[in-house]
Amino acid sequence: MPETLAWVAYKGTTEQYGSILTSGKVLNIANDIDLTGVDYGGTEAAPLRWPGFFSLGAEINGNGHTVRGVNVYQADGTSTYNAGLITTMEGGSLKGLTIADSSIKDADKAGALVGMTSLGAAIERCSVGKSVTVSGESYAGGLIGYEGSGTVTDCLSRASVSSSKGCPGGIVGKASKTKFSNCLGAPTALVKG
């Protein structure tokens with residue numbers, strides 16, 4: 001199953017973004033997925049850059065499943081712009097997905113689920129487990145690094161979150177024009193470096 005998710009992420013990969021999911025496209029996750037130790041997710045000892053998804057209005061349904069082993073590291077110590085399972089989400093929706101046993105770091109905007117959202121993106125019924133660490137430079141959030149506009153509903157994060165220069169947050173590092181409803185950020189740690 002990791003091979004299927006990786007195929008979707010790498011299909012259409014460009015220099016700047018991972019897979020581009022556009023309006024009208026639906027990605028349904030039908031099983032739990034473990035990327036730990038496979039070539040697509042990497043480990044802290046053997047870091048690889050997860051290209052993530054770039055979503056332009058697509059609908060992503062986790063269907064209550066869990067993705068484990070989303071490990072985003074820059075092996076050379078440099079920073080990437082947006083990091084998470086989904087790097088950037090412009091409009092569209094993400095529903096019913098859990099992230100566990102993962103680490104997202106070395107990004108300007110870092111979130112376990114999404115690095116940055118905008119254009120009315122809707123995230124609902126998603127969670128991030130306490131076995132997840134997120135560290136970013138400017139904005140780091142348990143779910144989302146930077147929420148530009150949209151809605152976040154019925155979500156929970158228990159991730160450990162830190163930011164070296166800016167804003168760490170249990171749910172989101174920074175939000176602008178966003179409506180939150182029934183969300184809880186109960187991080188194991190919040191640290192501003």
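Remarks
- The convex hull of the Cα atoms of the stretch 107-183, projected and averaged over all directions, covers 4.0 nm².
- For the stretch 80-193, the solvent-accessible area with a 1.4 angstrom probe is 35 square angstrom per residue.
- Protection proxy ranking, peptides 60-72, 84-96, average beta carbon neighbours within 10 Å, highest first: 84-96, 60-72
- In summary, the lysines within cross-link reach of LYS179, defined as a Cα separation below 28 angstrom excluding same-chain residues under 8 places away, comprise LYS25, LYS95, LYS105, LYS109, LYS130, LYS165, LYS192.
- Modelled FRET efficiency - R0 35 Å, ALA30 with LYS177, Cβ distances, 0.05 increments: 0.55
- Full-stretch length increase - LYS192, LYS130 - with 0.36 nm per residue and alpha-carbon distance subtracted: 20.5 nm
- Distance from the stretch 158-192 to the stretch 83-114 (C-alpha centre basis), Å: 13
- Using distinct alpha-carbon pairs, which all enter the 1/r mean, Kirkwood radius of the stretch 54-193 in Å: 13.8
The values are calculated or read from the model by the stated rules, or taken from the named source; none is laboratory data. All values derive from a computational prediction rather than experimental measurement. When we count neighbours, we look across all protein chains shown, and the Cβ atoms used for this are built from the backbone with ideal geometry, even at glycine. Ligands, DNA and RNA are excluded from the accessible area calculation, which covers all protein heavy atoms including side chains. Shrake-Rupley method; radii C 1.70, N 1.55, O 1.52, S 1.80 Å.
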